[in-house]
Amino acid sequence: MKPFEQPIYVTQPILPDLDELAVKLKEIWGAKWLTNHGRQHNELKDKLRVFLKVPHLSLFTNGTIALATAVRCLELNGEVITSPFTFPATPHVLFWNNVTPVFCDIDEQSLTINADALEQMITPKTTGILGVHVYGNPCNVLKLQKIANKHGLKIIYDAAHAFGSEIDGVGIGNFGDISMFSFHATKVFHTAEGGALTFKEPAFETTAKLLKNFGIKNEEEVVLPGINGKMNEIQAALGLINLTLIEEEWRKREKISATYKRCLAGIEGVRLCEPPSNVRNSYQYVAIRINKDELNLSRDEVYERFKKYNVFTRKYFYPLCSDYAHCCQLPSSAPSNLPIARKVASEVLCMPLYGDLELGAVEKICELLRSFNKVRCPESVF
Ligand SMILES: *Cc1c(COP(=O)(O)O)cnc(C)c1O
């Protein structure tokens, strides 16, 4: 098979019609109001609250600042138990709040934090749990809540991959104390850069609102050591238009995911990571796992082979956060503590997924993968 003529990347952002965006920009120019809770911001906030089916929501300039604000909001200190199988932002917001991340192994099926292992890791210093709904697969929210209640811990969820995910029809942002959504350009719904927190308690929304605006209460009172985390009007305008495009994007991604599922079936050593049937898929990623012994090729070999055909998959998440230079000395980073996470990190590969990806291209990508294990490249250096 010939390589693709144009490179195929793991994702492409949804982009609105420029004329439609121009209409919104004219509104902003007319108002001469560019940030600090303007009209576009307020409208997006209201719409997202309804869309995500959550009681309280606050918009941020990006997901990482939102997550750091959530940690501050709940006044977490000491140790927080989290997953090593995630994006760097997850443990890093703990460091930025002087909290020590404690890495807990993940569940082989959901790839989220293993609730049983987690309970063993609680110490008198533990103040919270930071779970990650990886690829939109929810954490074991009920079990984690039980553990949190029993030990007096707070729960934050990194729901960056889980926009639109629901468990039995309940919006994913309703679990735990605070959830974070990322609206980065690589996410299924985006505002170029952006993010949100959702809250169970209205009091936390009030605190987060202060914290994301320097702690300014009014012209003469600054009551908290806040930061600048506000979403501006241009981000919000982009979000308002993108929100009208999301259902169509999901429909296309659903078809693409189904095509992957159909075409990958029967390739020994390749399996799809899918959410359980009671979960609404966010279609953020199509992740596969590669069993080296069954496929006769490692994940890294598959990744390199795809590159030769102009297909750029991503190893989300390799390396594990626990292997970063500033994390590997933590006791919980010991490889013996994280056997499943280590195995999974060596097996996963995220395949190209975006609405404009043609189904024919998906079929060809799967056909390529099927062919890799048959003919080993003569020039192979692996
Ligand atoms: C994208 C992402 C973030 C960071 O969000 P930003 O909006 O880019 O700051 C955090 N956690 C996970 C799991 C992510 O995928």
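The values are calculated or read from the model by the stated rules, or taken from the named source; none is laboratory data. As the structure is a prediction and not an experimental result, all values here were calculated from the model. As a convention, Cβ positions derive from the backbone with ideal geometry for all residues, glycine included, and neighbour counts pool all protein chains shown.
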Check: When the range 184-211 is examined, which residues are found to be touching a Phe, Trp or Tyr at 6+ places or on another chain (Cβ under 6 Å) and outside any helix (DSSP H, G or I)?
Finding: V188, F189, H190, T191, G194, G195, A196
Item checked: Tally, over the range 126-141, of residues that are away from the ligand (no atom under 15 Å from the Cβ) and crowded, with 24+ Cβ neighbours inside 10 Å -> 2
Notebook entry, point to check: Of the numbered conditions (1) away from the ligand (no atom under 13 Å from the Cβ); (2) out of contact with any His (no Cβ under 8 Å at 6 or more places or on another chain); (3) over 14 Å from T64 (Cα atoms), I122 satisfies every one except a single condition; which is it?
Noted result: (2)
Margin query: I'd like the full set of residues that are within 16 Å of the ligand (Cβ to nearest atom) and either in a helix (DSSP H, G or I) or out of contact with any helix residue (DSSP H, G or I) (no Cβ under 7 Å at 6 or more places or on another chain) (or both), limited to the range 142-160.
Written below: Y157
Check: Which ones in the range 283-304 are touching a residue at least 60 places away in the same chain (Cβ under 8 Å) and over 15 Å from M351 (Cα atoms)?
Finding: L295, N296, L297, S298
Check: If you check F181 against the conditions, is it in a loop (DSSP other than H, G, I, E, B), at pLDDT 95 or above, within 19 Å of the chain's Cα centre (by Cα) and crowded, with 23+ Cβ neighbours inside 10 Å?
Finding: no
Checklist line | the range 257-296, residues that are of a type in the set (V, I, T) and over 17 Å from V188 (Cβ atoms) | finding: T259, I267, V270, I288, I290
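Yes/no per residue for (1) under 21 Å from the mean Cα position of the chain (by Cα); (2) within 17 Å of L359 (Cα to Cα); (3) of a type in the set (A, V, I, L, M):
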{"residue": "I241", "(1), (2), (3)": "no, no, yes"}
{"residue": "I246", "(1), (2), (3)": "yes, no, yes"}
{"residue": "K252", "(1), (2), (3)": "yes, yes, no"}
{"residue": "I256", "(1), (2), (3)": "yes, yes, yes"}
{"residue": "T259", "(1), (2), (3)": "no, yes, no"}
{"residue": "R262", "(1), (2), (3)": "no, yes, no"}
{"residue": "G269", "(1), (2), (3)": "no, no, no"}
{"residue": "P276", "(1), (2), (3)": "yes, no, no"}
{"residue": "V279", "(1), (2), (3)": "yes, no, yes"}
Margin query: So L111 ticks every box in (1) surrounded by fewer than 19 Cβ atoms within 10 Å (Cβ to Cβ); (2) in a loop (DSSP other than H, G, I, E, B) but one. Which box is left unticked?
Written below: (1)
Notebook entry, point to check: If you take the residues in the range 276-309 that are of a type in the set (K, R) and touching a Cys at 6+ places or on another chain (Cβ under 9 Å), which one is nearest to S110 (Cα to Cα)?
Noted result: R289
Note to self: With the requirement that a residue be surrounded by fewer than 16 Cβ atoms within 10 Å (Cβ to Cβ) and either part of a loop (DSSP other than H, G, I, E, B) or among the aromatic types (F, W, Y) (or both), what does the range 215-257 give you?
What the structure shows: G215, E219, E220, V223, L224, P225
Next item on the list: With the condition kept exactly as written, say whether any residue in the range 75-88 is assigned to a loop (DSSP other than H, G, I, E, B), away from the ligand (no atom under 14 Å from the Cβ), under 20 Å from A287 (Cα atoms) and of a type in the set (G, A, S).
Entry: no
Note to self: Within the range 89-108, take every residue that is at negative phi and in a loop (DSSP other than H, G, I, E, B) and give me the one that is nearest to the ligand (Cβ to nearest atom).
What the structure shows: W96
Next item on the list: Would you check which residues across the range 176-209 are within 16 Å of the ligand (Cβ to nearest atom), farther than 14 Å from T61 by Cβ and touching a strand residue (DSSP E or B) at 6+ places or on another chain (Cβ under 6 Å) and list them?
Entry: G176, I178, S179, T198
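One line per residue, one yes/no per condition, for (1) β-branched (V, I, T); (2) farther than 18 Å from F87 by Cβ; (3) out of contact with any Leu (no Cβ under 8 Å at 6 or more places or on another chain):
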residue: T313; (1), (2), (3): yes, no, no
residue: A325; (1), (2), (3): no, no, yes
residue: K343; (1), (2), (3): no, yes, yes
residue: R370; (1), (2), (3): no, yes, yes
